[in-house]
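Remarks on the structure that follows.
The values are calculated or read from the model by the stated rules, or taken from the named source; none is laboratory data. If you're wondering where the values come from, they're calculated on a predicted model, not measured in any experiment. SASA here: full protein model, heavy atoms, side chains in, ligands and nucleic acids out. Shrake-Rupley method; radii C 1.70, N 1.55, O 1.52, S 1.80 Å.
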Amino acid sequence: MSHPNNQVLIYTDHPEHYQDSNISKHMDLKFCSCPTMFCNKLLGKDYSGMILNVRKIMQTSCCDRNRILSISTAIPTIRSVEKQQKTIFIDDHENFICACMNRKCNPEKSSCRINVNFPVEISLENDPAMYKSVHGTVHYLSVEGCSFHTDADLMDNNFLFLKISSLKNKLPIFCGVYTEQSSTRYSCGYMVKFLDVKPDQKNEIDRIVHDSEKFKNDVDSNP
């Protein structure tokens, strides 16, 4: 089940410039200036929208900037510039407000749904070649991400590579760990969002999910 959410996360060094903006009249504004913390917030909570200050995002390192843009996929986003202590929105802010208010956000998941049972190799962010990978099992899969169990301790890692053996394209998928859902890490393993999934991998995952749901519906309708 989803629910409406009016919280917007803004990437800027100057929160005070947004307090009297038109968006502040309709949305609950949250601010962050640290790129790592900004990514963690996006992974920890399902925000309705995101505002990127152009100067701030261009001053951010290429690696961190790519992470922010990857994590924010499918989230309504607009750009801003800050001049003379005022904010100017480059993109249509009225359409942005409408998109945010109509977006349904997913609440934090308290339990997992088991729909697959796929072996997976996991490696840390600094090991994209997976020389020191550990093993686990994917038990919930969607086109946006997955949940998996592993005996390895990954608690202090916010980004991982996953190689799902059941996919034809076995290139490691770069993922972000939902950092604030701590209960998920214990009762349901680790939950991650796919940040760099290839088109053929996404298409195959979509087919797997569709077949799994169809099978479940057939079983439920024929007890």
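Here are some notes:
- Bridgeable aspartates and glutamates around Lys25 (alpha carbons under 15 Å apart, same-chain partners fewer than 8 residues away excluded): Glu16, Glu94.
- Å³ per residue enclosed by the Cα convex hull of segment 1-67: 83
- Tensor-based shape of segment 3-127 (alpha-carbon gyration tensor, a/c under 1.5 rounded, otherwise prolate or oblate): oblate
- Cα shape, segment 38-84, gyration tensor, a/c 1.5 rule: oblate
- For His14, solvent-accessible area (1.4 Å; no DNA, RNA or ligand), Å²: 80
- Surface accessible to a 1.4 Å probe, Phe31 within the full protein complex, Å²: 60
- Using a probe of 1.4 angstrom and keeping all protein chains present, the accessible surface of segment 1-51 works out to 44 square angstrom per residue.
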